[in-house]
Amino acid sequence: MLVHRRVRRVPRNLVVLAALLLASCTIGAPADQSSATGSESVGARDCSPVPLNPLDFPSAPKVDNRFYPLVPGMQFFLDGAVEAEDGTSHPHRIATVVTDLTKVVDGVRSLVIFEEDLQGSEVLESEIFFVAQRNDGSVWTLGEYPEEYEKGKLTGAPSTWISGTAGARAGIAMLAHPRVGAATYLQGLGPGVGFKDCATVFKTGQRACRALRCYDDVLVTDEFAPLEPEGGHQRKFYAPGVGVVQVADAGGVDPEALKLSRAAKLCGEEFANVRQQALAQDNRAYDVAKGVYSATPQAQQTLDAGPC
């Protein structure tokens, strides 16, 4: 699954709730057996862009990287909980769907991902972002359009960045062949909105377990934002054939802990509704973030989600 991109920082009083969805088509979330908490980092402090050449990408996006597979129709939940000022806790969820839409960004036809940041039933942020796999197997992020909401009302999308516009640069969401010792890599750069994320391969060959199943050969990356050093580091755990199964903090003012609780295929009307939400958000972007977004053509349904 994804989380290509940073899982956004959430309030510093985030606490973990082990939410397990036991539907027959749901993958149980693992508990980390090798701790990722604490302030330990891998020493990197910055990263540099890698040139983007549209000719290095296929004409139709297909993302089948071993640690970051993105199959149209798949839905993923990363779950935790947030504690309010009055001491009550509320479920916090990142809900992500791989759509069958594509969009050309900076010359690359990219897959459209639809994601919502939910606190209970309230949408805090709704985002579409764009990914493509290069011919060498590396997965790239080419832009993000995150809408922010307050009490159900859209307040804007100030963090929008699109590769090739206003100095923004695409970044690598996942290396083709991640290994410890590989150079720290840029995950995305949007200088106009103060966005820059970097990642380093932290560990490989790990084992992560939860009550219902274990994942072997897990990859752990260390991610950080050099423009926001107070944010500390995050660790993301990627299971082969699944994607992100856990997010853990490694220091900083906004600790974050989320675990995979669902990985299932959406079908029929349910998937069609998500597609329409993503298309509507793409259309809104031309008004809400027109200074950046107007350089891109509209998203289109060009992929086959296949059987359920």
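The set of residues in segment 260-275 being surrounded by 21 or more Cβ atoms within 10 Å (Cβ to Cβ) and of a type in the set (S, T, N, Q) consists of SER261 alone. Of the residues making up segment 263-308, those that are among the polar types (S, T, N, Q) and not in a loop (DSSP other than H, G, I, E, B) are ASN273, GLN276, GLN277, GLN281, ASN283, GLN300, GLN301.
Working only within segment 40-69, note down all residues that are of a type in the set (S, T, N, Q), in contact (Cβ under 8 Å) with a residue 40 or more places away in the chain and closer than 17 Å to ASN135 by Cβ. Correct list: SER59, ASN65. Within segment 179-220, the residues that satisfy the criterion of being outside any strand (DSSP E or B) and either of a type in the set (Ser, Thr, Tyr) or touching a Lys or Arg at 6+ places or on another chain (Cβ under 9 Å) (or both) are VAL180, THR184, PRO191, ARG210. Scanning segment 142-153 for residues that are surrounded by fewer than 19 Cβ atoms within 10 Å (Cβ to Cβ) and either part of a loop (DSSP other than H, G, I, E, B) or touching a Lys or Arg at 6+ places or on another chain (Cβ under 8 Å) (or both) yields LYS151, GLY152.
Could you please tell me which pairs satisfy a Cβ distance under 6 Å, a separation of 6+ or placement on different chains, a first residue in segment 150-174 that is basic (Lys, Arg), and a second residue that is not in a loop (DSSP other than H, G, I, E, B)? As it stands, the answer is ARG169/LEU189, since those pairs meet every condition given. Only a single item in (1) assigned to a strand (DSSP E or B); (2) in contact with a helix residue (DSSP H, G or I) (Cβ under 6 Å, 6 or more places away or on another chain); (3) not acidic (Asp, Glu) is not met by ALA166, and it is number (1). Among the numbered conditions (1) more than 26 Å from GLY190 (Cβ to Cβ); (2) surrounded by fewer than 21 Cβ atoms within 10 Å (Cβ to Cβ), the only one that VAL218 does not meet is (2).
With the condition kept exactly as written, say whether any residue in segment 81-97 is of a type outside the set (A, V, I, L, M, F, W, C), closer than 17 Å to ALA299 by Cβ and surrounded by 17 or more Cβ atoms within 10 Å (Cβ to Cβ). Taking every residue of segment 81-97 in turn, at least one turns out to be of a type outside the set (A, V, I, L, M, F, W, C), closer than 17 Å to ALA299 by Cβ and surrounded by 17 or more Cβ atoms within 10 Å (Cβ to Cβ). Residue pairs whose Cβ atoms lie under 9 Å apart, sitting 6 or more positions apart in sequence or on different chains, and linking a residue in segment 268-283 that is closer than 16 Å to ILE113 by Cβ to a partner that is at pLDDT below 95 and of a type outside the set (Gly, Ala, Ser), are PHE271/CYS308. Of all residues in segment 105-122, those being touching a strand residue (DSSP E or B) at 6+ places or on another chain (Cβ under 7 Å) and surrounded by fewer than 18 Cβ atoms within 10 Å (Cβ to Cβ) number 2.
The values are calculated or read from the model by the stated rules, or taken from the named source; none is laboratory data. All values derive from a computational prediction rather than experimental measurement. Reconstructed Cβ throughout: ideal geometry from the backbone, glycine too, with neighbour counts over all protein chains shown.
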